[in-house]
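The values are calculated or read from the model by the stated rules, or taken from the named source; none is laboratory data. For clarity, every value in this text was computed on a predicted model and none was experimentally measured. Counting neighbours? That spans all protein chains shown, and the Cβs are built from the backbone with ideal geometry, glycine included. To get the accessible areas, we keep the full protein, side chains included, count just its heavy atoms, and leave off ligands, DNA and RNA. Shrake-Rupley method; radii C 1.70, N 1.55, O 1.52, S 1.80 Å.
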Amino acid sequence: MASNRGEPTRPAGDLRWTLESGEHVCWLVRSRAEYEAGERELLARAAQAGESVMILGRRVRTRHQAPGVAGDLDVRPGRGGSAMVDLVREQALRVGRSGRPLRILARMEHLAPPDAGLEELIAREMDVAELTGHGVTSVVCAYQHTAWQAELLSGVSAVHARLIGPAAHSASFRIVPAAADAWAVHGTVGYEAAAAFEATMRALLARSSWLRLDCAQLELIDAAGWRALIAATTGTPGAQVLLERVNDTVAAAWRLSGYENGTTQVLVRS
(Lines give C-alpha, C1' and ligand atoms only; values in the text may rest on other atoms or scores of the structure.)
Protein backbone atom coordinates (compact mmCIF):
# COMPACT_ATOMS: atom_id res chain seq x y z
CA MET A 1 0.00 0.00 0.00
CA ALA A 2 1.27 3.46 -0.78
CA SER A 3 3.25 5.34 1.79
CA ASN A 4 1.52 8.19 3.58
CA ARG A 5 4.75 9.82 4.64
CA GLY A 6 4.72 12.86 2.42
CA GLU A 7 7.81 15.00 1.96
CA PRO A 8 8.11 18.71 1.26
CA THR A 9 7.63 19.67 -2.37
CA ARG A 10 10.91 19.51 -4.27
CA PRO A 11 11.94 21.88 -7.06
CA ALA A 12 11.72 20.46 -10.57
CA GLY A 13 15.49 20.46 -11.00
CA ASP A 14 16.07 18.37 -7.88
CA LEU A 15 15.03 14.89 -9.07
CA ARG A 16 16.33 12.33 -6.59
CA TRP A 17 14.95 8.95 -7.59
CA THR A 18 15.24 7.44 -4.13
CA LEU A 19 11.69 6.11 -4.07
CA GLU A 20 10.19 4.37 -1.07
CA SER A 21 8.44 1.08 -1.61
CA GLY A 22 4.79 1.79 -2.38
CA GLU A 23 5.34 5.52 -2.95
CA HIS A 24 3.05 7.38 -5.39
CA VAL A 25 4.70 10.57 -6.66
CA CYS A 26 3.41 13.41 -8.85
CA TRP A 27 6.11 14.94 -11.07
CA LEU A 28 5.23 18.24 -12.76
CA VAL A 29 7.65 18.43 -15.69
CA ARG A 30 8.72 21.81 -17.05
CA SER A 31 10.13 20.67 -20.41
CA ARG A 32 10.84 17.68 -22.64
CA ALA A 33 14.53 17.98 -21.84
CA GLU A 34 13.80 17.81 -18.11
CA TYR A 35 11.66 14.72 -18.60
CA GLU A 36 14.33 12.95 -20.68
CA ALA A 37 16.99 13.75 -18.08
CA GLY A 38 14.78 12.45 -15.27
CA GLU A 39 13.99 9.26 -17.18
CA ARG A 40 17.69 8.59 -17.80
CA GLU A 41 18.45 9.16 -14.13
CA LEU A 42 15.70 6.79 -13.02
CA LEU A 43 16.91 4.06 -15.41
CA ALA A 44 20.52 4.48 -14.28
CA ARG A 45 19.69 4.36 -10.59
CA ALA A 46 17.43 1.34 -11.05
CA ALA A 47 20.10 -0.55 -12.99
CA GLN A 48 22.66 0.22 -10.29
CA ALA A 49 20.29 -1.00 -7.54
CA GLY A 50 19.09 -4.07 -9.44
CA GLU A 51 15.51 -2.78 -9.70
CA SER A 52 13.03 -3.31 -12.52
CA VAL A 53 11.59 -0.34 -14.40
CA MET A 54 8.48 0.18 -16.51
CA ILE A 55 7.97 3.35 -18.53
CA LEU A 56 4.46 4.08 -19.79
CA GLY A 57 4.20 6.32 -22.82
CA ARG A 58 3.03 5.61 -26.35
CA ARG A 59 4.33 2.13 -25.61
CA VAL A 60 5.19 0.17 -22.49
CA ARG A 61 8.94 -0.28 -22.08
CA THR A 62 10.33 -2.57 -19.40
CA ARG A 63 13.78 -3.27 -18.02
CA HIS A 64 13.36 -6.18 -15.63
CA GLN A 65 16.01 -7.25 -13.14
CA ALA A 66 13.82 -9.89 -11.49
CA PRO A 67 14.69 -13.59 -11.91
CA GLY A 68 12.22 -15.41 -14.13
CA VAL A 69 10.73 -12.20 -15.54
CA ALA A 70 11.38 -11.38 -19.20
CA GLY A 71 13.55 -8.31 -19.66
CA ASP A 72 13.95 -5.63 -22.32
CA LEU A 73 10.37 -5.93 -23.51
CA ASP A 74 8.99 -3.25 -25.79
CA VAL A 75 5.22 -3.57 -25.79
CA ARG A 76 2.89 -1.41 -27.89
CA PRO A 77 -0.57 -2.14 -26.50
CA GLY A 78 -2.22 0.05 -29.12
CA ARG A 79 -4.76 1.12 -26.53
CA GLY A 80 -4.64 3.82 -23.91
CA GLY A 81 -6.08 4.28 -20.47
CA SER A 82 -7.42 1.34 -18.51
CA ALA A 83 -6.19 -1.27 -21.01
CA MET A 84 -2.62 -0.06 -20.48
CA VAL A 85 -3.09 -0.12 -16.71
CA ASP A 86 -4.30 -3.73 -16.94
CA LEU A 87 -1.17 -4.65 -18.88
CA VAL A 88 1.07 -2.96 -16.32
CA ARG A 89 -0.78 -4.60 -13.41
CA GLU A 90 -0.02 -8.04 -14.84
CA GLN A 91 3.67 -7.17 -15.19
CA ALA A 92 3.76 -5.66 -11.67
CA LEU A 93 2.37 -8.86 -10.19
CA ARG A 94 5.03 -10.93 -11.94
CA VAL A 95 7.86 -8.72 -10.69
CA GLY A 96 6.29 -8.48 -7.23
CA ARG A 97 6.40 -12.25 -6.80
CA SER A 98 10.18 -12.06 -7.13
CA GLY A 99 10.44 -9.65 -4.21
CA ARG A 100 12.48 -7.19 -6.29
CA PRO A 101 11.54 -3.49 -6.38
CA LEU A 102 9.68 -2.19 -9.42
CA ARG A 103 9.71 1.49 -10.41
CA ILE A 104 7.01 2.71 -12.80
CA LEU A 105 7.28 6.04 -14.65
CA ALA A 106 3.97 7.00 -16.29
CA ARG A 107 3.58 9.85 -18.80
CA MET A 108 0.03 10.68 -17.89
CA GLU A 109 -1.03 12.21 -21.22
CA HIS A 110 -0.99 8.63 -22.55
CA LEU A 111 -3.28 7.38 -19.76
CA ALA A 112 -5.78 10.25 -19.73
CA PRO A 113 -6.30 13.08 -22.25
CA PRO A 114 -5.24 16.57 -21.09
CA ASP A 115 -8.82 17.77 -21.68
CA ALA A 116 -10.22 15.15 -19.29
CA GLY A 117 -12.37 16.31 -16.40
CA LEU A 118 -10.92 16.36 -12.90
CA GLU A 119 -13.04 13.42 -11.73
CA GLU A 120 -11.96 11.28 -14.70
CA LEU A 121 -8.31 12.15 -14.16
CA ILE A 122 -8.41 11.37 -10.45
CA ALA A 123 -10.19 8.08 -11.17
CA ARG A 124 -7.35 7.13 -13.51
CA GLU A 125 -4.84 8.14 -10.83
CA MET A 126 -6.62 5.76 -8.44
CA ASP A 127 -6.08 2.99 -11.01
CA VAL A 128 -2.38 3.83 -11.10
CA ALA A 129 -2.14 4.15 -7.30
CA GLU A 130 -3.46 0.60 -6.91
CA LEU A 131 -0.30 -0.65 -8.63
CA THR A 132 1.70 0.37 -5.56
CA GLY A 133 -0.04 -2.39 -3.61
CA HIS A 134 1.73 -5.09 -5.63
CA GLY A 135 4.96 -6.12 -3.96
CA VAL A 136 7.39 -3.22 -3.61
CA THR A 137 6.18 -1.16 -6.54
CA SER A 138 6.52 2.64 -6.67
CA VAL A 139 4.90 4.90 -9.27
CA VAL A 140 5.90 8.33 -10.58
CA CYS A 141 3.15 10.11 -12.55
CA ALA A 142 4.71 12.65 -14.94
CA TYR A 143 2.67 15.65 -16.11
CA GLN A 144 4.01 18.09 -18.70
CA HIS A 145 2.59 21.07 -16.83
CA THR A 146 2.16 23.25 -19.95
CA ALA A 147 -0.24 20.64 -21.40
CA TRP A 148 -2.65 20.58 -18.46
CA GLN A 149 -4.89 23.19 -16.89
CA ALA A 150 -3.58 24.52 -13.58
CA GLU A 151 -6.69 23.47 -11.64
CA LEU A 152 -6.31 19.90 -12.92
CA LEU A 153 -2.69 19.75 -11.77
CA SER A 154 -3.59 21.16 -8.38
CA GLY A 155 -6.44 18.70 -7.97
CA VAL A 156 -4.48 15.65 -9.06
CA SER A 157 -1.56 16.51 -6.78
CA ALA A 158 -3.87 15.86 -3.82
CA VAL A 159 -3.90 12.09 -4.41
CA HIS A 160 -0.11 11.66 -4.35
CA ALA A 161 2.12 11.20 -1.33
CA ARG A 162 4.70 13.61 -2.74
CA LEU A 163 4.97 16.35 -5.36
CA ILE A 164 8.08 17.10 -7.42
CA GLY A 165 7.83 20.38 -9.29
CA PRO A 166 6.32 23.87 -8.96
CA ALA A 167 4.82 24.30 -5.49
CA ALA A 168 2.18 26.65 -6.92
CA HIS A 169 0.34 23.58 -8.26
CA SER A 170 0.22 21.81 -4.90
CA ALA A 171 -3.24 21.21 -3.41
CA SER A 172 -3.96 22.31 0.15
CA PHE A 173 -4.81 18.73 1.16
CA ARG A 174 -3.48 15.24 0.59
CA ILE A 175 -5.36 11.94 0.63
CA VAL A 176 -3.28 8.77 0.55
CA PRO A 177 -3.84 5.10 1.42
CA ALA A 178 -3.45 4.43 5.15
CA ALA A 179 -4.61 0.80 5.51
CA ALA A 180 -6.43 -1.89 3.58
CA ASP A 181 -9.76 -0.15 4.11
CA ALA A 182 -8.81 3.42 5.01
CA TRP A 183 -7.36 6.62 3.56
CA ALA A 184 -5.50 9.35 5.43
CA VAL A 185 -6.39 13.01 4.87
CA HIS A 186 -3.80 15.73 5.51
CA GLY A 187 -3.93 19.54 5.37
CA THR A 188 -7.00 21.73 4.89
CA VAL A 189 -10.06 21.53 2.65
CA GLY A 190 -11.39 24.99 1.84
CA TYR A 191 -13.17 26.74 -1.02
CA GLU A 192 -10.30 26.47 -3.52
CA ALA A 193 -9.85 22.76 -2.82
CA ALA A 194 -13.54 21.83 -2.69
CA ALA A 195 -13.84 20.71 -6.34
CA ALA A 196 -10.76 18.47 -6.06
CA PHE A 197 -12.01 17.07 -2.75
CA GLU A 198 -15.43 16.23 -4.20
CA ALA A 199 -13.86 14.61 -7.28
CA THR A 200 -11.56 12.54 -5.06
CA MET A 201 -14.44 11.41 -2.85
CA ARG A 202 -16.50 10.42 -5.89
CA ALA A 203 -13.60 8.43 -7.32
CA LEU A 204 -13.07 6.60 -4.03
CA LEU A 205 -16.77 5.90 -3.51
CA ALA A 206 -17.01 4.51 -7.03
CA ARG A 207 -14.60 1.80 -5.86
CA SER A 208 -16.21 1.17 -2.48
CA SER A 209 -19.45 2.66 -1.14
CA TRP A 210 -18.04 2.39 2.41
CA LEU A 211 -15.19 4.86 2.94
CA ARG A 212 -13.15 5.36 6.11
CA LEU A 213 -11.01 8.51 6.40
CA ASP A 214 -8.28 8.85 9.02
CA CYS A 215 -8.29 12.58 9.80
CA ALA A 216 -5.56 12.73 12.45
CA GLN A 217 -3.53 15.04 10.17
CA LEU A 218 -6.51 17.02 8.84
CA GLU A 219 -6.43 20.59 10.11
CA LEU A 220 -9.76 21.95 8.87
CA ILE A 221 -12.71 21.44 6.55
CA ASP A 222 -14.69 24.64 5.95
CA ALA A 223 -18.29 25.01 4.74
CA ALA A 224 -17.34 24.53 1.08
CA GLY A 225 -15.49 21.34 1.96
CA TRP A 226 -18.46 19.92 3.83
CA ARG A 227 -20.76 20.74 0.90
CA ALA A 228 -18.38 18.92 -1.43
CA LEU A 229 -18.31 15.85 0.82
CA ILE A 230 -22.10 15.77 1.16
CA ALA A 231 -22.54 16.18 -2.61
CA ALA A 232 -20.20 13.25 -3.30
CA THR A 233 -21.89 11.07 -0.71
CA THR A 234 -25.49 11.80 -1.66
CA GLY A 235 -24.59 11.43 -5.33
CA THR A 236 -23.39 7.83 -4.78
CA PRO A 237 -26.14 5.28 -4.03
CA GLY A 238 -25.57 3.47 -0.74
CA ALA A 239 -22.49 5.53 0.14
CA GLN A 240 -21.30 5.89 3.73
CA VAL A 241 -18.29 7.92 4.85
CA LEU A 242 -16.68 7.83 8.28
CA LEU A 243 -14.27 10.59 9.33
CA GLU A 244 -12.40 9.40 12.40
CA ARG A 245 -9.77 10.87 14.74
CA VAL A 246 -10.83 14.42 13.83
CA ASN A 247 -9.48 17.31 15.90
CA ASP A 248 -11.61 19.75 17.89
CA THR A 249 -11.61 22.30 15.05
CA VAL A 250 -12.93 19.83 12.48
CA ALA A 251 -15.50 18.49 14.95
CA ALA A 252 -16.74 22.02 15.69
CA ALA A 253 -16.93 22.87 11.99
CA TRP A 254 -19.02 19.74 11.42
CA ARG A 255 -21.46 20.74 14.17
CA LEU A 256 -21.77 24.22 12.67
CA SER A 257 -22.19 22.92 9.13
CA GLY A 258 -25.87 22.12 9.57
CA TYR A 259 -25.40 18.57 8.27
CA GLU A 260 -24.73 16.85 11.60
CA ASN A 261 -28.38 16.14 12.35
CA GLY A 262 -29.44 15.60 8.76
CA THR A 263 -30.05 12.42 6.83
CA THR A 264 -26.65 12.26 5.11
CA GLN A 265 -24.58 9.11 5.48
CA VAL A 266 -21.55 10.95 6.90
CA LEU A 267 -20.26 10.17 10.37
CA VAL A 268 -17.66 12.28 12.21
CA ARG A 269 -15.82 10.94 15.26
CA SER A 270 -13.02 12.34 17.41
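If the condition is being under 13 Å from the mean Cα position of the chain (by Cα) and small (Gly, Ala, Ser), then the stretch 108-139 contributes ALA123, ALA129, GLY133, SER138.
Selection of the stretch 177-230 for residues being closer than 17 Å to SER154 by Cα and of a type in the set (Val, Ile, Thr) yields VAL185, THR188, VAL189, THR200. With respect to being free of Cβ contacts under 8 Å to residues at least 60 places away in the same chain and surrounded by 22 or more Cβ atoms within 10 Å (Cβ to Cβ), GLY187 falls outside the description. Contact annotation: residue pairs with Cβ atoms under 6 Å, 6 or more positions apart or on different chains, pairing a residue in the stretch 223-249 that is open to solvent by 30 Å² or more (accessible area, probe 1.4 Å) with a partner that is among the polar types (S, T, N, Q), are GLY238/SER209; GLN240/GLN265. Look through ALA147, ALA142, ALA161, ALA180 and report the one residue that is closer than 23 Å to SER21 by Cα and surrounded by fewer than 21 Cβ atoms within 10 Å (Cβ to Cβ). Just one listed residue meets the conditions, ALA180.
Residues that are in a strand (DSSP E or B), among the aromatic types (Phe, Trp, Tyr) and out of contact with any helix residue (DSSP H, G or I) (no Cβ under 7 Å at 6 or more places or on another chain): does the stretch 202-212 have at least one?
Pass one, the stretch 202-212, residues in a strand (DSSP E or B): 210-212.
The next check asks that each one be among the aromatic types (Phe, Trp, Tyr); those that pass are 210.
Now restrict to residues that are out of contact with any helix residue (DSSP H, G or I) (no Cβ under 7 Å at 6 or more places or on another chain): 210.
Yes, the stretch 202-212 contains a residue that is in a strand (DSSP E or B), among the aromatic types (Phe, Trp, Tyr) and out of contact with any helix residue (DSSP H, G or I) (no Cβ under 7 Å at 6 or more places or on another chain).
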